[in-house]
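Here's the structure we're looking at; comments come further down.
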Amino acid sequence: MYNTSILTLRILKKDKAVFIIIASIICGLLVLIQEKLSLVIPLIILIGICLIKKPLLSLLIFFIFGPLIWSISDALYIPISIMRINTPVIVCGVIVVFYSRYLFFPIEIKAVRILRNISLIFMASCIPAIFWSRSMISGVGQYIRIISPLIILFSMYQLVRSQRHIEITLKYMSLVTIATLTTMGLSLFQGVPTVVLSGIQRITGSGLFVQQFAKFVALNIEILLLYFTTIKRKLTLPLSIGLSSLSIILFLTYHRTSWLILFISIIMGAILFRKERLYWVILFGGSIAAIIFHDELINIILRFITPSSLEDINRISSSRFLLYTLYLREFANADPIHWLFGMGYGDPNQITDTVIGTYLPPHNDYIAYLVEAGIITLILYFAILISVTIYSLKNNQSENPQIKSLSRHTTIIVTLMLLAGIPGAFYGNVMSSWYLFALIGVFFAGVRIRKAQHFEDKA
């Protein structure tokens, strides 16, 4: 991590584009927070220059500042005069406009070409749901959030062109830990003071969307582990501090799905990287912590309910099944055309308003895709994840250590998406999905670079 900081400072000295990118981010923050409307036009010009001249560097700088940017208004709308905007939708829209061209660049690997074709059909299948949404504007916004991670995947595949690019990309993405810890620190100072280890009230009190943030913290740990097994291969003090700090933060969020993501990541990592002692150290430390804080963990699992009998567990599980039943019943009663292309983004949420009296999401990525975007989109979503899984498994025993590590982490990432999708984790969650799909794109790029080097060696 220390070497990464030195590398970043050297790039800052040599490449003026970094200053332009950071200046654009600062302008964006001033526009959003301080309502500096006079900076809107300079902001647009700066962003345009950055994305056209330095597309890869722009993405990497954004990945570093990602948690700070997303935490501004992932759950809240920020007023600018008489306008109301949603930061994630605007950022995703900019990415779609400037980076969608990479979908149509030549692709050397057959499996990636197949994945692109499936992705394009997936994007097309999501369009009809826009017209059945409660609001056309919100429907377009949700559509952009859904397709932008795929655009990030193919952008990374096309932009990462060398071994050096892979190393720099993973080093930059590991630096996101600093922004994550900064975001958490700001939320603790701004949040409502509570008793020790009740971090969720502090985060909620600061206005930070705890569910999205907690999932990203778990993903941040996976990013650091990927960096360790692929590039660093040595446990340094900054890396140890980052892993331990993120683990403590994740505990403070009291978010069960995020703990599930972390559990899957560590268990699969210990299986796939059996010779890496770091995973076994984490498992041992986690087991000790679970024994010490077993009462707190039970409360997390039962969402602050004192576990007196099985009735508590039944109450929690039955509420989820009630949501699933409500959404699926409404979907089954819809016209057949909606079975294919969905009932519209946001529109099915009226179900819980009517029956329960408040809005509750389906808490299941697959039901969300099925009800809102239709069965065709759901099948294509599975096809995307399965095709990535098959190709990553083929490279799990690669002779190249870096490709082997990237492929195994890609397998972990897809497994996270498949299993964590059951309680609902990544549908429309651009904060986490961008990093997940970016890492998949780096893996595909690494395979392409390795094959090109192999052909050169033969020649």
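Annotations for the structure displayed:
- Among the residues here, Ser162 qualifies as out of contact with any helix residue (DSSP H, G or I) (no Cβ under 6 Å at 6 or more places or on another chain), at pLDDT 85 or above and surrounded by fewer than 18 Cβ atoms within 10 Å (Cβ to Cβ).
- All conditions in (1) in contact with a Ser or Thr (Cβ under 9 Å, 6 or more places away or on another chain); (2) crowded, with 19+ Cβ neighbours inside 10 Å hold for Leu436, with the sole exception of (1).
- Close pairs from segment 375-388: first closer than 14 Å to Phe443 by Cβ, partner surrounded by fewer than 17 Cβ atoms within 10 Å (Cβ to Cβ) and basic (Lys, Arg), Cβ under 9 Å, at least 6 apart: none
- Some residue of segment 256-273 being surrounded by fewer than 21 Cβ atoms within 10 Å (Cβ to Cβ), more than 27 Å from Gly185 (Cα to Cα), touching a Phe, Trp or Tyr at 6+ places or on another chain (Cβ under 8 Å) and not acidic (Asp, Glu): yes
- Index of the failed condition, Ser308 passing every other in (1) within 29 Å of Ile231 (Cβ to Cβ); (2) of a type in the set (Gly, Ala, Ser); (3) at pLDDT below 85: (1)
- Any pair with Cβ under 9 angstrom, 6 or more apart, that starts in segment 320-349 at a residue that is crowded, with 19+ Cβ neighbours inside 10 Å and ends at one that is at pLDDT below 85 and of a type in the set (Asp, Glu): Met343/Glu330; Pro348/Glu330
- Flag if Pro423 is over 28 Å from Phe154 (Cα atoms), surrounded by fewer than 22 Cβ atoms within 10 Å (Cβ to Cβ) and either under 20 Å from the mean Cα position of the chain (by Cα) or modelled with pLDDT of 90 or more (or both): no
- Each residue in segment 246-258 was checked for being closer than 10 Å to Lys215 by Cβ and either charged (D, E, K, R) or in a helix (DSSP H, G or I) (or both), and 4 of them qualify.
- Counting residues in segment 397-408 that are small (Gly, Ala, Ser), buried (at least 17 other Cβ atoms within 10 Å of the Cβ), within 22 Å of the chain's Cα centre (by Cα) and modelled with pLDDT of 90 or more gives one or more.
- If you go through segment 426-442 and keep only what is in contact with a Lys or Arg (Cβ under 6 Å, 6 or more places away or on another chain) and of a type in the set (Gly, Ala, Ser), you end up with Gly428, Ser432.
- Of the helices (runs of 4 or more DSSP H) lying entirely inside segment 29-140, those containing at least 1 residues that are modelled with pLDDT under 85, within 21 Å of Leu436 (Cβ to Cβ) and not polar (S, T, N, Q) span 55-73, 87-99.
So that you can scan it fast, the table gives a plain yes or no per residue for (1) under 25 Å from Phe213 (Cα atoms); (2) of a type in the set (A, V, I, L, M, F, W, C); (3) without any contact (Cβ under 8 Å) to a residue 12 or more places away in the chain:
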site: Phe122; (1), (2), (3): no, yes, no
site: Ser138; (1), (2), (3): yes, no, no
site: Leu150; (1), (2), (3): yes, yes, no
site: Thr169; (1), (2), (3): yes, no, no
site: Ile178; (1), (2), (3): yes, yes, no
site: Leu181; (1), (2), (3): yes, yes, no
site: Met184; (1), (2), (3): yes, yes, no
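- Taking each residue of segment 230-244 that is assigned to a helix (DSSP H, G or I) and looking for partners that are surrounded by fewer than 21 Cβ atoms within 10 Å (Cβ to Cβ) and among the acidic types (Asp, Glu) with beta-carbon atoms closer than 7 Å, six or more apart or interchain, yields Ile231/Glu167.
The values are calculated or read from the model by the stated rules, or taken from the named source; none is laboratory data. Predicted model, so just to flag it, every value in this text is computed and none were measured. All Cβ positions, even for glycine, are placed from backbone atoms using ideal geometry, and neighbour counts span all protein chains on display.
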